[in-house]
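The values are calculated or read from the model by the stated rules, or taken from the named source; none is laboratory data. Everything quoted here is computed from the prediction, not taken from an experiment. Here the Cβ is made from the backbone with ideal geometry for all residues, glycine too, and neighbour counts use every protein chain on show. Calculation scope for accessible area: heavy atoms of the full protein, side chains included, ligands and nucleic acids excluded. Shrake-Rupley method; radii C 1.70, N 1.55, O 1.52, S 1.80 Å.
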Amino acid sequence: FFASSSSLRIIMAWLKAVTRAHSSSLTSWYSSRREVRRQKVPPRIAYCALLKKGKADDEKDFDEFVTKHSNARASIGYDKTTRVRGLFASREIKAKEELFHVSLKKEDERVFIDNYENEDDDWAASLAKQILVKRRRSTLSDDEKKELKIAYANALPKEMIGIANKCCFYDNNTRYELVCKFFEATGDHDAKEELMKYEKQVSSRSRRHGEEEEEEEKYGWALSQVFSRTFRIEDARGRRAPRRVMIPIVDLLNHSSVEEEVNVTWRVKEDLSAFIVEAKRNVGKDEELILSYGERNDQHFLLFYGFLPSMNPCNSVMMWENVDECLNWYQNLCGADENDTKWDAMKYKCKRALGLLKKKDEGDFIDDDNDERRRFILSPNAKVDNTTLLVLNEISGDNDMAIAAVRVRAEEILSQRFASDDDANIERIFKHLLEETQMDEGDIELLRAYRNRKRDILRE
């Protein structure tokens, strides 16, 4: 079919020409962008709402707690640009050396563990309530000041963390609705859906636990700490359900999405009795101790952590939502009629050849609903996911054709979502957020950076 199509050969020649024309300009553009990033972006964290430091006495007391409970292996420090608090090596640390060995036994009172035995509590609500109980007192006795969990709860940042929490626990729905509009205008339906899902969850929690209006902001603050500081503990043998824990001091470890920058890792003892942090490699004195929070995209860091890593290979832009959307787009690119039966046969054969169909008992094939198989994404450094390349290679029969089609699609998304009119609309949304909801300017910059990083991926 393709060999006899003169129009397709013309399109293929044009697409290859587009590829050649873009290659040199993309190389020089990307090189210049990397140079700009080196000059302007601080290490690990590219964008973060500025945090306020606590009182000097409080910081001193908590620093003493950190030194005591880390066996003098770590001390408190601050990033000069973002004021983000972190842990730094107090001395040289050898690879595999344990930095923290924390008991997970309930009777030891070292950690906050979700109350899975109480059916009325979900894990997040359980942990949030525990934090608030420890934080309630404005003045502490000398004995209470010595308790690790009380000192920890009172040393947590006073700011609410993450765009999702700052939207869902605002006085009214205006901020939430405007941020949803921002995601819609950016074409980021996944982020909008995640924010909507979270809003329903926190609304349900507030109703279920009878939160009064004056207590809701405190509850939202506590939830924001939970979602940005929790470790998920799983039993490899399946003896008990997964648990979530908050571990004082250990959760001061900051994140990097760059594997080479990560110098500590964590594990749980086989009997689930202790949580262990150990050095991944040799760590020099005064070097910051860096952990990976997992392979997450910008969306998750924006919504729940309130920062964007300076480099994030897991960030992405969705080109198509599923295989049918991809194949129909390619059919339209080739100028074929949407009712062309030959194309229907070719698309069905393509999906079947790549295992994107599953067989029913009756022998018929239907679309596979596995979400992971339907992701068609672009990532930093012009990386294209394997499913996209396999589908476009199969339907076009040519690797250069598949790559060129991705370039055309990236240009198309840029023109649809990042034109000057779109930029103006986004700025109007930002203006409303500032004037109508008093959103912090640092959070506006965070949203702006989030969108610009999507644009950068498409340009690359």
Checklist line | R0 of 35 Å, Cβ-Cβ distance Arg267-Asn381: FRET efficiency to nearest 0.05 | finding: 0.70
Notebook entry, point to check: Between region 326-347 and region 282-317, how many Å separate their Cα centres?
Noted result: 41
Margin query: So, R0 is 41 Å and r is the distance between the beta-carbons of Ala185 and Asp398; what FRET efficiency does that work out to, to 0.05?
Written below: 0.70
Note to self: Exceeding 23 Å between C-alpha atoms, which entries from my cross-link table qualify? They are Lys192/Lys347; Lys134/Lys269; Lys106/Lys134; Lys166/Lys197; Lys134/Lys200.
What the structure shows: Lys192/Lys347; Lys134/Lys269; Lys134/Lys200
Item checked: Chain lengthening between Ala353 and Glu216 when straightened (0.36 nm per residue, less Cα-Cα) -> 44.0 nm
Next item on the list: Kindly state, to the nearest 0.05, the FRET efficiency for Arg448 paired with Asn332, given R0 = 35 Å and r defined as their beta-carbon distance.
Entry: 0.60
Next item on the list: Run the accessible area of region 239-297 with a 1.4 Å probe and give the carbon-and-sulfur part as a rounded percent.
Entry: 41
Next item on the list: Would you kindly state how much longer the chain becomes between Asp340 and Ser415 on full extension, computed as 0.36 nm times their sequence separation minus their alpha carbon distance, in nm to one decimal?
Entry: 24.2 nm
